[in-house]
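First up is the structure itself, then whatever we jot down about it.
Read-outs: derived from the displayed coordinates by stated rules, not from any lab. These numbers were taken from a predicted model, which means no experiment stands behind them. Counting neighbours? That spans all protein chains shown, and the Cβs are built from the backbone with ideal geometry, glycine included.
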Amino acid sequence: MTTLEDIDLDFVPFGETGLQTSELQFGTWRFGKETEQGNVEIDEERAHELLDAYEAAGGRFIDTADVYGGGASERWIGDWLEDRDRERFTIASKIYWQIRSGDPNSLGTNRKNVRHRIDALLDRLDTDYVDVLYIHRWDDETPTREMMKTLNGLVEDGKVHYLGASTLRPNAWKVAKANEIARAEGWEPFTVAQPRYNLVDREIEGDYLEMTRSYGIAVCPWSPLGQGFLTGKYTREEGLTGESRAAESSRFEDSYLTEENFDAHDELDAVAEEVDATPAQTALAWLMHRDGVTAPIVGARTVEQLTENLEAAAIDLSDEQVDRLTEAKPDPYAGL
Ligand SMILES: NC(=O)c1ccc[n+]([C@@H]2O[C@H](COP(=O)([O-])OP(=O)(O)OC[C@H]3O[C@@H](n4cnc5c(N)ncnc54)[C@H](OP(=O)(O)O)[C@@H]3O)[C@@H](O)[C@H]2O)c1
């Protein structure tokens, strides 16, 4: 039986930052997160077990955000790091979503909000800097030039090393515009992107990935397993079953449990059998083989799930298998 230590994740170049990132990053969105039914998905003890497991497998890149679990994710990571050498880990966090109801200035990337929130998140993480600070979404209220100037100030202050854009496909041109402004002013540009990308969510193929390639931006996909859809635990016949966060989310069923997605899953099952792996491992391996992808962000609710997912790093797919999976749900914008 494979142990966590056997997994021994590799480092890969982190875009053009000069850093190396673990080939699979670890995402902590579900730490302290309450479901629509009021259950906590991952409590503090489980969170620390998951971080222990990721570290034992050689993982060194942790992804969080200031709103995850209302700040619990960052706090629990900070507590966990207390017994470790923080320098051995690369930590990314994010800011954007509104934190005070009725206060529009607590949303977005205006200077007041950004400066307040970077200090609050560093305090929770109990660190002097984050390696990457993402804008969690694009703020259309704050002029791009103003945002880039503010973010550059955080880099100059040493509170942030690199800037990231966690954005969706329609914002590709906005990231490009921001980087052109930064280039003209000698400010720090976005060097990391965090878009949604997996076998059944393919909207970034085309212009978004062209943009990241053109600017040498590292790409770290979120929801690499379609929030669990690509693990094989949902079927056409039974839909949502078993113990799963997705069963407590009103949006999951409509977005993922579609005929088109189940057709793509059939091809995933076929390739998984050929390479003697699980659907989850095969879906992650496909993503890791995609041109332009730097390191997917793996999520997991249990140590067993995390172990299964991290084992994907050892799976080799042939070009023919990669192509079959790619064609299982083609890019809707291809050729346009
Ligand atoms: N920038 C953004 O806007 C954004 C958005 C979303 C996520 N993220 C980041 O990306 C990370 C990963 O996203 P995600 O959680 O959506 O990733 P995901 O890998 O697509 O989904 C993870 C969920 O799928 C299920 N799962 C995972 N592995 C499994 C396995 N082997 N067998 C069975 N079920 C399994 C678990 O939920 P159940 O067991 O409950 O089904 C788990 O919580 C987050 O933690 C966060 O850091 C960023």
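A compact table of results
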| read-out | value |
| --- | --- |
| Residue among 25, 98, 227 with the largest mean-square fluctuation in a Gaussian network model of the chain, springs linking Cα atoms under 10 Å | 98 |
| Extreme residue, positive dipole direction of the chain, given options 197, 231, 270 (C-beta unit charges) | 197 |
| Over the chain: Rg over Rh, Cα atoms, Kirkwood Rh | 0.95 |
| Computed label-point distance, nm, for sites residue 304 and residue 36 using a 7 Å Cα→Cβ extension | 2.6 |
| Cα gyration tensor, the stretch 226-336 - rounded (a/c under 1.5), prolate or oblate | oblate |
| Additional length obtainable on full extension of the chain from residue 97 to residue 43, 0.36 nm per residue less Cα span | 17.2 nm |
| Neighbour count of at most 15 Cβ within 10 Å plus DSSP loop: longest chymotrypsin sites (Phe, Trp or Tyr not before Pro)-free window in the chain | 98-332 |
| 3J(HN,Hα) from dihedral phi, the stretch 4-11, Karplus parametrisation 6.51/-1.76/1.60, rounded to Hz, x for glycine, proline | 4, 5, 5, 5, 6, 4, 8, 9 |
| Computed helical MRE - 222 nm, the chain, DSSP H runs ≥ 4 contributing -39500 (n - 2.57), nearest 500 | -11500 deg cm²/dmol |
| Long-range lysine pairs (8 or more apart or interchain), the chain, Cα under 30 Å | 20 |
| Global geometry of the stretch 88-178, whether rounded, prolate or oblate, following the gyration tensor of its Cα atoms and the 1.5 cut on a/c | oblate |
| Integer Hz, Karplus 6.51/-1.76/1.60 couplings in order for the stretch 285-291, x for Gly and Pro | 4, 4, 4, 5, 7, 6, 4 |
| Distant-in-sequence amide H partners of residue 20 (H built 1.01 Å from N, under 5 Å) | 14 |
| Under 5 Å, built H, 5+ apart or other chain: amide partners of residue 42 | 32, 33 |
| Percent of beta bridges antiparallel (DSSP, the chain, rounded to nearest 5) | 20 |
| For the stretch 105-164, with +1 on Lys and Arg beta carbons and -1 on Asp and Glu, the positive-most of 110, 133, 153 along the dipole | 110 |
| GNM result for the chain, Cα springs below 10 Å: residue of 255, 106, 223 fluctuating most strongly | 255 |
| FRET E, pair residue 157, residue 79, Förster distance 25 Å, beta-carbon r, rounded to 0.05 | 0.50 |
| Integer Hz, Karplus 6.51/-1.76/1.60 couplings in order for the stretch 57-64, x for Gly and Pro | 7, x, x, 9, 10, 10, 10, 9 |
| The chain - charge dipole about Cα centre, Lys and Arg +1 at Cβ, Asp and Glu -1, debye rounded to 20 | 1780 |
